[in-house]
1. Just want to confirm a number: the relative contact order over region 99-171, from Cα pairs under 8 angstrom separated by 6+ residues, in percent.
2. Which ordering of 81, 50, 114 is given by a fewest-first count of other beta-carbon atoms within 10 Å?
3. Along the Cα→Cβ direction, 7 angstrom out, place labels at residue 124 and residue 229. What is the inter-label distance in nm?
4. How far, in degrees from 0 to 90, does helix 44-53 lean away from the longest principal axis of the Cα atoms of the chain, to the nearest 10?
5. Expressed as a rounded percentage, what relative contact order does the chain have, with Cα pairs under 8 Å and six or more residues apart?
6. Relative to the longest principal axis of the chain, what angle (0 to 90°, nearest 10) does the C-alpha long axis of helix 147-156 take?
7. So for the pair residue 278, residue 188, with labels modelled 7 Å out along Cα→Cβ, what separation do we get in nm?
8. For residue 243 and residue 77, compute 0.36 nm times the residue count separating them, minus their Cα-Cα distance, and round to one decimal in nm.
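Read the figures in this text as sums done on the coordinates, not as results from a lab. Values in this document were obtained by computation on a predicted structure and should not be read as measured data. Here the Cβ positions follow ideal geometry from the backbone for every residue, glycine too, while neighbour counts run over all protein chains shown.
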């Protein structure tokens with residue numbers, strides 16, 4: 001049984017449409033699937049319908065970026081963490097209203113990032129981005145606007161050669177704080193919509209994870225136990241960038257604390273890695 005509960009579409013920062021994801025899932029024999037776009041559930045109803053037609057089991061999904069702090073680490077400074085919401089009602093009014101508010105903030109944040117970029121471009125003698133450029137970036141987005149869309153536009157304008165170069169050279173330096181969604185709020189939003197909240201890729205070395213607070217697995221799970229346990233329902237134990245030691249540590253922790261266990265590829269773009277993470281079949285049974 002091939003399971004992938006962490007995939008991104010063009011509704012956030014993926015390169016594939018929902019239709020393309022479902023077609024690829026069929027080719028790869030994925031039988032249990034969730035599309036988890038960043039702060040967006042715009043594609044969920046379409047995905048549910050297409051998955052049903054393809055006879056693929058599907059649960060609603062979203063990835064929420066949360067502002068989190070722990071007094072015993074980084075002197076209590078906040079770090080971003082990602083949480084996955086599953087099996088919620090995509091029509092829930094409270095959840096939809098909050099995500100619309102966050103989408104508006106993303107647009108304001110993008111405008112501020114572009115202003116900072118122009119300051120850097122002026123120093124380097126590069127032509128500044130205009131309102132027409134901002135409109136073009138917005139037009140390229142099917143769902144929520146984010147830094148990857150700006151990066152792709154910089155590639156298109158030949159200011160940089162790759163998305164990674166855009167981040168390394170400009171977007172990290174020119175960043176603006178994300179919408180301040182706190183764990184308590186994220187938990188309430190997802191659970192009130194009938195869903196489950198899961199800590200995403202807790203030990204991801206290249207993403208938003210608990211590694212920003214500590215690289216020690218035992219300390220990570222201490223943080224989860226002390227600051228998250230009553231607010232989450234599960235942990236993503238299998239991920240494309242996690243190693244066997246991480247997997248087994250979080251599986252043991254989840255079993256000890258009665259948490260559900262999920263897993264997925266976190267596929268955004270080519271190369272296509274959908275369905276390549278070995279997620280155990282029993283994960284499916286947790287979503288009755």
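1. Relative CO of region 99-171 lands at 29 percent.
2. Details: 81 25, 50 18, 114 21.
The most exposed by this proxy come first: 50, 114, 81.
3. 4.8
4. For 44-53 against the chain, the angle is about 50 degrees.
5. Reported as a whole number, the value is 23 percent.
6. The helix 147-156 is inclined about 50 degrees to the chain.
7. Distance between label points: 4.2 nm.
8. On the way: separation 166, 0.36 × 166 = 59.76 nm, distance 2.74 nm.
Taking 0.36 nm per residue and subtracting the Cα distance, the gain is 57.0 nm.
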